[in-house]
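Written out below as structure tokens is the structure these notes cover.
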Amino acid sequence: MKTDRYINLKRFRGFVVKEFHHIFRDVRTLVILFGIPVIQLLLFGFVVTNEIRDAKIAVFDQSKDYITTRITQKIVSSGYFKIDRKLESASQIEDVFREGNIKMVVMFEAGFARKLEKDGQAGIQVITDASEPNTANILVNYLNSVTLSYMASQQKALQQMQIIPEVRMKYNPELKGVFLFVPGIMAMLLILISALMTSISITREKELGTMEVLLASPLRPFQIISGKVMPYILLSFMNAVLIILISFFVFQIPVHGNLLLLLGECLLYIITALSLGILISTLTSSQQIAMMISLVGLMLPTILLSGFIFPVENMPLILQGLCYLMPPKYFITIIKSIMLKGAGFSYVWKETLILAGMTLFFLFLSIKKFKTRLE
Amino acid sequence: MNSEIMVEARDLCKNYGTVTALDHVSFSVNKAELFGFIGPDGAGKTTLLRILATMLKPDTGTVRIGEYDAVNDYRKIRNMIGYMPGKFSLYQDLTVEENLQFFAGIFGSTIKDNYYLINDIYDQISPFKNRQAGKLSGGMKQKLALSCAMIHKPDLLLLDEPTTGVDAVSRKEFWEMLRKRKEDGITIIVSTPYMDEAGKCDRVALFQNSKILSTDTPENITANYGSVLFAVRTSNMYTLIHDLKYCPTVRSAHSFGQYIHYTDKEINATMSDIEYYLRGKGHSEIEIRQIDATVEDCFMRLMLND
């Protein structure tokens, strides 16, 4: 019995060594494994962001008094806006939007300061270019918060009873887009790379005919699969660590929670993704098809249905239902809780359990579907 | 089961949709025998070897390997066979040595344990042991694949067209090596499309259209040819084959290299009868010899009768 175990251990080690040889001798594999995650993370982190800086706006000030001047200064100093031009008549508004550079026009009514002091009320009209609805919304929100904070600073002077909501942006006080994207990218990259690499490497053996030799050997399906997958667990885990390091040092995203818990959850998610990859490889014997299924079947749903970009709550019910079938959704929730909120295991056990259950299900299906013969 | 028998196949049938790959095939192979399946491409040899290697299930019929049933006890069988598929199936991006190490490893063995089995081939390829398998020549690849298939000292070696695409010298070495392994007590089943390799086997099964035409030692197969065989050559080979085929007493006429092999329906037909006929057809420089039948002649004969 002991010798059996020894032989099995040796077989397994041989298999892992072989798999590492494949990986390190294939530049393409290495690029996919390590180049793409880093590039994607940096791209998403720096480029794809819903923060807006220096949006060009126009101001049409019909009052030109000390309060409108001060509010205008506040708007500029917020950093979100850049005043591109000042308008002199309402007829110019249409024109500046047609030009397309100006995203928003801020209009102060005539006699602004006088009305404010006398009636306690004065109007600012905000006109936005809603052909980009998201940008328009965000700009309006920014502007609101600027005027609110001006009002707050003037509260004493104005002697006005007002209820000012004090908003605190918890967990991401600066509303950095990166905070949202990094967990999403991590979920996407890990599932993509893990599933893609395993499904390709297993189907490659089928295509090259080496699977036939492996099948004709005493190796059991479980040994073949675990031998093939083990190196990818290690490499994907290194990837996860790399992503966490980059997000910490480049994007200053803190890890508030337990690092070990975070890494453990990453490992679980990697295994979920690998088991999906194994499942894909049992469905096809072509590398091309395995790649297509991994890319189209995993990457797109991860981006669209995991709550990574579009909030799940806003989707039609059917799609919401689909979202609950997506492993990345749970992983993103877990990662956000641990990294940003510093939550412990007691807050993420449910998601963890779901991921673990999914993994077991995928593995069970794969073993059921694995063919011990060529047919 | 007779303890001297290694493989016993009974009434194997296998269809792929409407295509028949094996049609009621039965044979048995003795222990430490070098057994050849000889037949053209598409005859069903690969399917048969895959069934023996437990890679496919037969539709009907049974195979026993040693004391095991090839369908139910396939795990036991996979411990005792070495299988070399027809398609080159080593890791092209691993070196010669890494491939050997890997395949020894998955059988729980090492190169050192069974080095004697492969030393004569391995000596030849060891200068390239750090070369990736994909960059070896065809002959080297096959030698390496054979080494990998038997590095764990299997009881039964199944080789699917191991010499296809291999040069003449390497083929000869390959067969010498198989004979030595047979002396070590390994049962070897080889398939090949090359008729001239039949003589290297202890026994051969001639395979055609999913059926075995005949199973015997190569000597018996050629001895049972049953006709007098002539090799004929003239100055005009193009019309010769035509003229011989339409000779009123022809039994068979096939082109074999530079000669036409000819048999006559008349048992008493002589070389001068043929020469007389050919002169009448306008041939000159006529060369006729009576020869012993080769396995290929027998194969052609069996196909005709079929």
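Some observations on this one:
- Residue within the stretch A:232-253 that is assigned by TED's automatic domain parsing to the domain that holds A:GLY342, in a helix (DSSP H, G or I) and within 30 Å of B:LYS141 (Cα to Cα) present: yes
- Residues being out of contact with any Leu (no Cβ under 7 Å at 6 or more places or on another chain), open to solvent by less than 60 Å² (accessible area, probe 1.4 Å) and of a type in the set (Phe, Trp, Tyr) - total across the stretch B:261-306: 1
- Selection of first residues in the stretch A:302-322 that are under 20 Å from A:ALA273 (Cα atoms) and of second residues that are open to solvent by 40 Å² or more (accessible area, probe 1.4 Å), restricted to Cβ pairs under 7 Å at least 6 apart or on distinct chains, gives the following pairs, ordered by first then second residue: A:ILE303/A:ILE309; A:LEU304/A:PHE310; A:LEU305/A:LEU319; A:LEU305/A:LEU322.
- Residue that is farthest from the chain's Cα centre (by Cα), among those in the stretch A:23-65 that are within 14 Å of chain B (Cβ to nearest Cβ) and open to solvent by less than 50 Å² (accessible area, probe 1.4 Å): A:ASP26
- Selected residue (criterion: least open to solvent (accessible area, probe 1.4 Å)) from residues of the stretch B:148-169 that are of a type outside the set (A, V, I, L, M), more than 14 Å from the chain's Cα centre (by Cα) and within 17 Å of B:GLY86 (Cα to Cα): B:CYS148
Per-residue answers, yes or no, for (1) without any contact (Cβ under 8 Å) to a residue 12 or more places away in the chain; (2) more than 9 Å from every other protein chain (Cβ to nearest Cβ); (3) touching a His at 6+ places or on another chain (Cβ under 8 Å):
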position	(1), (2), (3)
B:GLY36	no, yes, no
B:ASP73	yes, yes, no
B:SER89	no, no, no
B:PHE107	no, no, yes
B:ILE111	no, yes, no
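- Meets criteria (among the basic types (Lys, Arg) and crowded, with 21+ Cβ neighbours inside 10 Å) for B:ARG64: no
- Test: residue in the stretch B:41-53 that is more than 22 Å from the chain's Cα centre (by Cα), open to solvent by 40 Å² or more (accessible area, probe 1.4 Å) and more than 14 Å from chain A (Cβ to nearest Cβ): no
- Helices (runs of 4 or more DSSP H) within the stretch B:9-115 that include 1 or more residues in contact with a Phe, Trp or Tyr (Cβ under 9 Å, 6 or more places away or on another chain) and farther than 28 Å from A:LYS10 by Cα: B:45-52
- Scope the stretch B:10-40; condition open to solvent by less than 10 Å² (accessible area, probe 1.4 Å) and among the charged types (D, E, K, R); matching residues: B:LYS14
- At least 2 residues being over 27 Å from A:SER199 (Cα atoms) and open to solvent by 60 Å² or more (accessible area, probe 1.4 Å) is the threshold, and among the helices (runs of 4 or more DSSP H) wholly inside the stretch A:289-375 those reaching it are A:317-323, A:345-369.
The values are calculated or read from the model by the stated rules, or taken from the named source; none is laboratory data. Nothing here was measured: the structure is a model prediction, and the numbers come from that model. We place every Cβ from the backbone using ideal geometry, glycine too, and count neighbours over all the protein chains shown. Side chains included, ligands, DNA and RNA excluded: accessible areas come from the protein's heavy atoms. Shrake-Rupley method; radii C 1.70, N 1.55, O 1.52, S 1.80 Å.
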